[in-house]
There are 2 protein chains.
Amino acid sequence: MTRRAGANADETRVRLTHAASSEFLDRGFEGSSLRRICAAAGVTTGALYCFFESKEDLFNKVVGPTMELIRSVIDAHYAKERSLMAFERSVRIGEEIPSTQANVNLYDDDLDAIRSMVRIMFEHREVVRLVLASRERPLVATFFGELASLIEGQTVCLLDFWDPRLRTTRAFGPSVVRWSSLQQVNMVLYVFDSATEAGEATELAVQLATAIEASFYTLLDRACREIGIEGSPEQAFMEVRAQWPGGTGLPPIYEDLATT
Amino acid sequence: MTRRAGANADETRVRLTHAASSEFLDRGFEGSSLRRICAAAGVTTGALYCFFESKEDLFNKVVGPTMELIRSVIDAHYAKERSLMAFERSVRIGEEIPSTQANVNLYDDDLDAIRSMVRIMFEHREVVRLVLASRERPLVATFFGELASLIEGQTVCLLDFWDPRLRTTRAFGPSVVRWSSLQQVNMVLYVFDSATEAGEATELAVQLATAIEASFYTLLDRACREIGIEGSPEQAFMEVRAQWPGGTGLPPIYEDLATT
């Protein structure tokens, strides 16, 4: 009997989050009524409080898992990128390479991460629409802030990896680095807002990511000239990359940029 | 006596808009009280309605002139750019050049326009802060929408000037063109939000404008390859520009980009 009660509880919780999702999307957070949500889910208002502490808590449980999924995709992408940087640094300074790092021989580039993200967003399209319409909710505001900080941290990490002096240049002042991360977050939001289906969104995201990447390399080039680095760190990075165990040289997007 | 009464009326109007500006900035539009504004201006509430129809009208009169000024700077910049394009087209197709166009022999580049805008924004900093804090007001929302459309129109005009086929490419789909204009509007807002004084803001704006410009040229390059244009239209544009009456070749920002 306990297991059966648990199964029912799970069902009730799912019915409530589904009903809440529709209600929030139709009427906004402020305009939504817990009474209506319970009625739609066929649950008493009292029962709702067995599962959720408050309207805010209910909202958070509706959008939380999808936001967590998006964050984990980005996290995994950056973790891989950092692992590649660590590996490349080992190659560059002639250190012995830990075998775990040598095994990272696939280059999952930024575009792959963007494609995954677009796919996830379209798979969870109703919830994502709700998230985009609720940017004033604390959890959502925090999420976008954290996303920007995550990208910012990665940019700083990348600059330090190439040459720590880069961060002292005018091209990579704190405001520029912050802008560049906000721009990437805004790009994803804009893509989702503009495109009606996943294929169109992916195409748009690829165009915009290319544009953003080119703007980053332009700043990088200026910064290198400012501190007197011969050639760009980007080139040095590419040369070493060609030596990676599974390295096939540049991923397409960088090849395009290199010939631009 | 009539003249004197008019002078008083002007003074009263100015006192009211100043008081309203502070009140709106301190308490937001919704939280502002007309009674308090009148008290601060030393005017009866009844007298306020001799000058302004409503709270919204008062708000519009506070922010309107500064927004008009910003719009006129952008308008003038684009009008000059279009005039240069018309002139260059005449040179290119061997038409006789109207003397009014031949007189446009100074290249006031995008950076000059950005510098003017930053200067104006810092000269009217209190009002601009109010505008940025009131993006939900109808006049402000319309203003930013119009600004984006103005930039969008200019981008389309520029693409058509280079080669009308560019707009049929994937790199310049309607969403990309829209994104690029929103990005420019957001850049100006971000600069104002991030910098505490005009010099710092100008420096930041120059970095970001360079980055945005580079992203545009990357897309341009892709689009040219897609429709099979040899060399970029940007280069063709530069070559003709060198023949302009007062032409000094490239303005600095394009020189930087060309060597990137």
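A few remarks follow.
- Number of residues in the stretch A:196-228 that are open to solvent by less than 20 Å² (accessible area, probe 1.4 Å) and at the interface with chain B (Cβ under 7 Å from one of its Cβ atoms): the value is 10.
- The residue of the stretch A:170-195 that is surrounded by the fewest Cβ atoms within 10 Å (Cβ to Cβ), among those that are without any contact (Cβ under 8 Å) to a residue 60 or more places away in the chain and aromatic (Phe, Trp, Tyr), is A:Tyr190.
- Near pairs, Cβ below 7 angstrom, 6+ apart or cross-chain, from the stretch B:21-32 (over 14 Å from B:Glu56 (Cβ atoms)) to any residue that is of a type in the set (Asp, Glu) and part of a loop (DSSP other than H, G, I, E, B): none
- Every condition in (1) out of contact with any Leu (no Cβ under 9 Å at 6 or more places or on another chain); (2) part of a loop (DSSP other than H, G, I, E, B); (3) at pLDDT below 75 holds for A:Glu53 except the one numbered (3).
- In the stretch A:107-157, the residues that are open to solvent by 30 Å² or more (accessible area, probe 1.4 Å), farther than 30 Å from A:Ala20 by Cα and more than 11 Å from the chain's Cα centre (by Cα): A:Tyr107, A:Asp108, A:Asp112, A:Glu152, A:Gly153, A:Val156, A:Cys157
- When B:Glu23 is tested against the conditions (1) of a type in the set (Asp, Glu); (2) open to solvent by 30 Å² or more (accessible area, probe 1.4 Å); (3) under 28 Å from the mean Cα position of the chain (by Cα), the lone failure is (2).
- Test result for A:Ala102, open to solvent by less than 60 Å² (accessible area, probe 1.4 Å) and modelled with pLDDT under 75: yes
- Applying the set (1) more than 11 Å from every other protein chain (Cβ to nearest Cβ); (2) in contact (Cβ under 8 Å) with a residue 12 or more places away in the chain to A:Gly145 leaves exactly one unmet item: (2).
The values are calculated or read from the model by the stated rules, or taken from the named source; none is laboratory data. In this text, all values refer to a predicted model and were calculated from it rather than measured experimentally. Cβ: placed from backbone, ideal geometry, glycine included. Neighbour counts: every protein chain shown. When the accessible area is computed, the model is the full protein with side chains, heavy atoms only, and any ligands, DNA or RNA have been set aside. Shrake-Rupley method; radii C 1.70, N 1.55, O 1.52, S 1.80 Å.
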